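What follows draws every value from the coordinates through simple rules; no lab data is involved. Computed from a prediction, not measured in an experiment: that's the story for all the values here. FYI the Cβ positions are ideal-geometry reconstructions off the backbone, even for glycines, and counts take in every protein chain you see.
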Amino acid sequence: MSVFGRGLARLCAVVAAATARESRVLVERALSETPTVELRLDWLANDRERRALLKWLKRAARKKAVFVATCRRRAGGGKFPGSARRELFWLAQAAQAGCVWCDLEIETLREFPGEALDGSKLPKILLSIHDFKGTPKLRFMRLAERSGIHAVKIAARSRTLAASARLLRSAGGRKNLVAVPMGDVGLPARILALRQGSALVYAPVGAPTAPGQVDLREMKELYRAHQLTGKTRVYGVIGNPIGHTLSPLLHNTGYVLANKDAVFLPFLVKDLGDFLKFAGDFGVRGFSVTIPLKQRIFDYLDACEPLAEEIAAVNTVTVRRDGKLMGRNTDYLGVLEAFKGKLRLPGSRVLIYGAGGAARAAAFALARSGAEVVVSARRDSAASKLARAVHGSVMKRAWLRREKFDAMVNATPIGMHPYEQRSPLEVSELNCAVVLDLIYRPLKTTLLRLAQSRGVETVSGVEMFLAQGIAQWELWMKTPAPANAMRQAVLSALQAEEKRQTK
């Protein structure tokens, strides 16, 4: 068992704010989710705010709560401007106020060797080592043991998924080691940390204190990090960028409602070889593929369904028991679902703008349904190749203002969150009855707003996203998905985001 307890107790909420008043609000919110809370004293604006928070904490006397005090100096990557001696002073004050643990930086321990800490009146010590360049050696564990330290935290920037896997492996079998992969690439490993043996996992309850952090409520309710075990099936989505994706919300909502022991993670992938090594280490059973990897993934597949092979783009990969990769394409179904009830496809003339993996799935779906496909793209060679594959035609961008179509499909990432202000096409080019934007975040892209201003019917890419994702879910889980609830979760998130942006 971890030195911090078991279950929810290993999920540590991070409270970081400039004022004692705001910190108190965050503490109350944190305690409604988990009994373990880290107080970032270094984030408070000054000593007066630190004193006020600790005074309140002592008065509040939360008996079942476990507080970890942190007053990280700037030398250790924190915000505290004081000396090592002042850091020790505030950690001792925190102990008197009821903090059971304190987070002590390795830099401070070097200034005050273990014997000097005996009279410091500190609570249990979590020795904290931050490495912003790579993964530090475990020699610090020996230093900790000699110094009477109770636990060690190693936080290292993960520039590759393989590096984050190495860091988590160091936690295996050690009840007193906290492993924290830092950075956006390390986010999946951070979620899997407890599963791999880390004594704690951190999640902010307010503003994040570092890149790659996952909000406390998401960590607990969406990813269920404290419930993941070696038997939990791991799935995910790979791409670059990946921050915009709502695939984890879609899939994990389904897992929770259907009581599946599975988790779906977002993987920022810059190197497919790096990801596949990580996938093998952590038993990834399947993954969704998004831009720009839908065609590159072919080089790593062992088998592929005929339709995906014909499309030459894969958005769904299943990892077989022997580790071999099977590729499929569910984007095809998503495009047909998006046009359902909007357009009679046989005999229609449809422009596909773009020539990547998503464009290929759309072009094949439409051509097989009897539509005449016209392709326009920034690269003429890519447009010509796709047009030949579906027996369609190519059109230069300059001609769009003079042509008419039954429908237009944007299959480029132009206009994707967080660059919502951009549109791949101009309003004068939208000479059609229906516009489908395969981008689903935001719900109403700039392209769709321009189309509406011209009186054109619009279809959000969320329809395609939901259809292809639910098909993936059912393929991997081998049971019907709670589709309505999954759909509502995604739509609610997009509508809430839209509402925030219009305030």
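For a paramagnetic label modelled on residue 55 (point 7 Å from Cα along Cα→Cβ), amide N atoms under 20 Å away belong, within the range 28-46, to 28, 39-46.
The fraction of all Cα pairs in the range 213-254 landing in successive 10 Å bins from 0 to the largest distance is 23, 57, 20, given as whole percents.
Seen from residue 475, the other residues with C-beta closer than 12 Å to its C-beta sum to a net charge of +1, counting Lys and Arg as +1 and Asp and Glu as -1. Of the peptides 406-413, 301-308, the order by per-residue mean of other Cβ atoms within 10 Å, starting with the highest, comes out as 406-413, 301-308. Cross-link partners of residue 55 among aspartates and glutamates, defined as those whose alpha carbon lies under 15 angstrom from its own and excluding same-chain residues fewer than eight positions apart: 22, 47.
Estimated translational diffusion coefficient (Stokes-Einstein, Kirkwood radius over Cα pairs, 25 °C, 0.890 mPa s) of the range 365-503: 148 µm² per second. Pairs exceeding a 31 Å alpha-carbon distance, out of 270/324; 294/340; 175/294; 277/396: 175/294; 277/396. Is the shape of the range 324-403 best called rounded, prolate or oblate, per the rule: a/c under 1.5 gives rounded, else a/b larger than b/c gives prolate, else oblate, with a ≥ b ≥ c the square roots of the Cα gyration tensor eigenvalues? Judged from the Cα gyration tensor, the range 324-403 comes out oblate (a/c at least 1.5, b/c at or above a/b). With 29 Å as the limit, the listed pairs 385/478; 260/499; 58/79 have 385/478; 260/499 beyond it between alpha carbons. The shape of the range 7-219 can be summarised by an equivalent ellipsoid whose semi-axes, obtained from the alpha carbon gyration tensor, come to 25, 21, 15 Å from longest to shortest. One compactness figure for the range 255-341 is 1.16, namely its Cα radius of gyration divided by 2.2 N^0.38 Å. Between helix 357-368 and the chain there is an angle of about 30 degrees, using the helix long axis and the longest principal axis of the Cα atoms. In whole angstrom, how far apart do the alpha carbon centroids of the range 1-67 and the range 319-342 sit? Computed from Cα coordinates, the inter-centre distance equals 45 Å. Its alpha carbons give the range 63-113 an Rg and a Dmax of 11.1, 34 Å. Computed from backbone phi with θ = phi - 60° and the Karplus coefficients 6.51, -1.76 and 1.60, the 3J(HN,Hα) list for the range 336-341 is 5, 5, 5, 8, 4, x Hz; x is used for glycine and proline.
For the chain, the relative contact order comes to 9 percent (Cα pairs under 8 Å, sequence separation of at least 6). Based on the convex hull around the alpha carbon atoms, the chain presents an average projected area of 24.8 nm².
What is the mean projected area of the alpha carbon convex hull for the range 1-99, to one decimal in square nanometres? Projected area, direction-averaged: 6.1 nm².
Placing a pseudo-label 7 Å from each Cα along the Cα-to-Cβ vector at residue 497 and residue 175 gives an inter-label distance of 4.3 nm.
Note: the range 174-292, Cα convex hull, 105 Å³ per residue.
Each residue of the range 487-498 was assigned a 3J(HN,Hα) from its phi angle through the Karplus curve 6.51 cos²θ - 1.76 cosθ + 1.60 (θ = phi - 60°); the sequence is 4, 5, 4, 5, 4, 4, 5, 5, 5, 5, 5, 4 Hz, with glycine and proline shown as x. In the chain, the DSSP-assigned H stretches of four residues or longer account for a calculated mean residue ellipticity at 222 nm of -10000 deg cm²/dmol, using -39500 (n - 2.57) per stretch and the full residue count as denominator.
For the range 274-387, taking the reciprocal of the average inverse distance between every pair of different Cα atoms yields a Kirkwood hydrodynamic radius of 15.0 Å.
Ranked by the mean number of other Cβ atoms within 10 Å of their residues, highest first, the peptides 349-362, 456-469 fall in the order 349-362, 456-469.
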